[in-house]
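As structure tokens, the structure follows; a few thoughts come after it.
What follows is calculated from the coordinates using simple rules that are stated; it is not laboratory data. Keep in mind it's a predicted model, so treat the numbers as computed, not measured. Note: ideal-geometry Cβ built from the backbone for every residue, glycine included; neighbour counts use all protein chains shown.
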Amino acid sequence: MSISPLQKARYEYSPKLPGMLRNGISDICVKVGDATSSVADQDKIKALFPNTYGKEEITFEKGSNTSAAKKQVVGVILSGGQAPGGHNVISGLYDALKATDKNNVLLGFKGGPDGLLKNDYVEFDDAFIDAYRNTGGFDIIGSGRTKLETKEQFNIVAENAKKNGLTAIVIIGGDDSNTNAATLAEYMAANNTGIQVIGCPKTIDGDLKNEDIEASFGFDTATKTYSELIGNIERDANSAKKYWHFIKVMGRSASHVALECALETQPNICLIGEEVKAKKMSLSQIADQIADSVAKRAANGDNFGVAIIPEGIVEFVPEFSVLIAEINELLAGKKTEEFNALPDWAAKYNFIKEGLTAESFAVFDILPTLIQQQLFLERDPHGNVQVSLIESEKLMSGLVAAKLAERKKAGTYNGKFSPLHHFFGYEGRCAFPSNFDADYCYSLGYNAFMLIQYGYTGYLSKVSNLSKPAEEWVAGGMPITKMMNIERRNGEDKPVIRKALVELDGAPFKFFAENREKWAVETAFTYPGAIQYYGPAEVCDLTTRTLALEKG
């Protein structure tokens, strides 16, 4: 297989570890911290996790290793969507395992949780691992979105683990995957299987974080990749001076990606879903906000601009959420068949008009026809609208165009508005990891094995102090149950890891809010350029603007 010069060079990169993990396995000891409790619903979470709840946080320090020596056979899976750095988590796990005892074994289960259920795995060796060091993607063993949540599934996993002599399982994934890790850990402990379960925090959306988890891996690389592309578009817009670019970025449940890209590139507009929800903004108000920027810039002779739109923006708009709920009800049961049998869009439009309340139909009626139709595309498995299919960037530009047409008619606007649309998602999920993500992920994997070696289960691999140089990072672990609360899912109360939303009183959003009025009118674009892997640390080892602002 031929490889690029960059890939060849990245194979040779040596990821940086936190200081205490550089001492050698024999010189790493544990400092036990305080007992923990869940973020909410303590009694309910404790009742569901009697064997793994309330454990202490721990950190690793320099000192004599007191862990019991035994052969380890560890299984690892990648779960959920891809994120840059996953290969390095596995590389770090492998290296720590082999540094402890060359007879230790690492098995990679293929296709995510399905691999554990089907007992489909590969045994890693040096040559296998070396071909994936510091590279993007999850192609080393693939990933999957199967959820591990039933006793039948847990029985199968336990049987397959016993068959292979597993001592531990490492689950690399996001909030849902690590919720599954916590539940699997509880099952293994309750049934005295002797099998430990450790999680690693992954998601480019950035919504798996809290006071302990400062960043989920992949967020740094993905936002730097999107920001490079947005910066390129800004430069093009400033050169051509005739287009408004509406750019949708990943982030259905939270707007961290949009905010980070805005901090990196200083666009004219960036919508933050959490603010839209807090202020109960309507679609009309959002469109007016963008139209104000377009009109003010046009008055200065600038008929161009850039707007960043989070993927899930419509779900934060209260009136739109009501509309979605009514549509779900309208098409419940056999009504979907009745709707699909109608001969044309005009007939379907009348069906919708008769079925919605006047308030929701008023919201529906201001939507561009393309978006109206997208609301009635294929249902999800639960019969609900698939909001992810809505092209929110086209929705916003369509609403803005309508607002500007009204203003032109009233004689209050006389500019030109030519929108172009982009969606950046897959472009960032498998990029070559930045030095930060390469280092962070390798540390998470190395650290995960230290948690296994010291006998912990139901813990998340934790590396903190991330805004500082890697030498000053702090490695340790926290019980996954600390992050959990009870939420309503598909009509049932379920224990889940609480998603982290953009904090409107946090430093990153405050900085954005202080500057956005100026950015809305002026051309204050910044051009981050491509991720740099070689050169001075202040260029190559930069953290995200979000992390830098959060940590002062």
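Provide the gained length on full extension for the span Glu427 to Lys118, in nm with one decimal, where the gain is 0.36 nm per separating residue minus the Cα-Cα distance. Could the numbers behind the result be given before it?
Numbers: separation 309, 0.36 × 309 = 111.24 nm, distance 3.09 nm.
Extra length from Glu427 to Lys118 when fully extended: 108.2 nm.
Calculate, for Ala127 and Arg22, the FRET efficiency according to 1/(1 + (r/R0)^6) with r their C-beta to C-beta distance and R0 35 Å; round to the nearest 0.05.
Efficiency at R0 = 35 Å is approximately 0.90.
Roughly how many nanometres apart are two label points built 7 Å out from the Cα toward the Cβ at Glu471 and Lys162?
The modelled label-to-label distance comes out at 5.0 nm.
Stokes-Einstein D for region 177-228 at 25 °C, 0.890 mPa s, Kirkwood Rh over Cα pairs, in µm²/s?
Diffusion coefficient, whole number: 193 µm²/s.
May I ask you to order 446-456, 275-285 by the average number of other C-beta atoms within 10 Å around their residues, highest value first? Can you show the working numbers first?
Working: 446-456: 25.0, 275-285: 16.0.
Packing proxy ranking, top to bottom: 446-456, 275-285.
Per-residue HN-Hα couplings for region 52-64, Karplus 6.51 cos²θ - 1.76 cosθ + 1.60 at θ = phi - 60°, whole Hz, x for Gly and Pro?
Going residue by residue, I get 10, 7, x, 5, 7, 6, 9, 10, 9, 9, 6, x, 6 Hz, with x marking Gly and Pro.
List the residues, sorted by chain then number, that are 5 or more residues from Tyr121 or on another chain and whose placed amide H is less than 5 Å from its amide H.
Lys110
If we count every other residue with Cβ under 9 angstrom of Gly144's Cβ, Lys/Arg +1 and Asp/Glu -1, where does the sum land?
On the way: positive: Lys110, Arg145; negative: Asp114.
Taking every Cβ under 9 Å from that of Gly144, the sum is +1.
Provide the three semi-axes, in whole Å and in decreasing order, of the ellipsoid equivalent to region 231-336 as defined by the square roots of 5 times the Cα gyration tensor eigenvalues. Display every interim value, and only then the final one.
Numbers: eigenvalues 186, 46, 34 Å².
In descending order the semi-axes read 30, 15, 13 Å.
Work out Dmax and Rg for the chain from the C-alpha atoms and quote the Rg first, both in angstrom.
25.0, 80
Show that you can apply the helix-only estimate: for the chain, add -39,500 (n - 2.57) for every DSSP H stretch of four or more residues, divide by all residues, and state [θ] at 222 nm to the nearest 500. Mind dumping the intermediate values first?
Numbers: 23 runs with 239 residues, N = 552.
Helix contribution divided over all residues of the chain: -13000 deg cm²/dmol.
Asn155 versus Leu6, label points 7 Å from Cα toward the beta carbon: distance in nm?
Reported label-point gap for Asn155 and Leu6 is 5.0 nm.
Return the whole-Å distance between the Cα centroid of region 317-349 and the Cα centroid of region 30-70.
Computed from Cα coordinates, the inter-centre distance equals 48 Å.
For the pair Gln42 and Ser14, how long in nm is the line joining their label points, each one 7 Å along Cα→Cβ?
That separation, rounded to one decimal, is 4.7 nm.
Which residues' amide hydrogens lie under 5 Å from the amide hydrogen of Phe432, considering only partners 5 or more residues apart or on another chain, with H built in the peptide plane?
It is Gly136, by chain and number.
Considering the options Tyr533, Leu48, Val30, tell which one lies farthest towards the positive end of the dipole of the chain, charges being +1 on Lys and Arg and -1 on Asp and Glu at the Cβ, about the Cα centre.
So the residue we want is Tyr533.
On a 22 Å Cα-Cα criterion, which of the cross-link pairs Lys280/Lys510; Lys151/Lys499; Lys209/Lys468; Lys71/Lys482; Lys44/Lys202 come out too long?
Values: Lys280/Lys510 19 Å; Lys151/Lys499 25 Å; Lys209/Lys468 18 Å; Lys71/Lys482 30 Å; Lys44/Lys202 26 Å.
Beyond 22 Å: Lys151/Lys499; Lys71/Lys482; Lys44/Lys202.
Hey, for a label at Phe511 modelled as a point 7 Å past Cα toward Cβ, could you say which residues of region 254-289 have their backbone N under 15 Å away?
Inside the label zone: 256-267.
What number in nm² do you get for region 136-194 if you take the convex hull of its Cα atoms and divide its surface by four? The partial results should precede the final answer.
Working: hull surface 17.9 nm².
Mean shadow area of the hull around the Cα atoms is 4.5 nm².
Quick one, could you list the DSSP H helices from the chain stretching 20 Å or more along their long axis (Cα atoms) with average Kyte-Doolittle hydropathy of 1.0 or above? Don't skip to the answer; put the middle values down first.
Numbers: long enough: 86-100 (22 Å, 0.15); 175-190 (22 Å, -0.39); 219-240 (31 Å, -0.63); 283-299 (24 Å, 0.12); 392-410 (27 Å, -0.23); 435-453 (27 Å, 0.16); 507-521 (23 Å, -0.49).
Helices passing the filter in the chain: none found.
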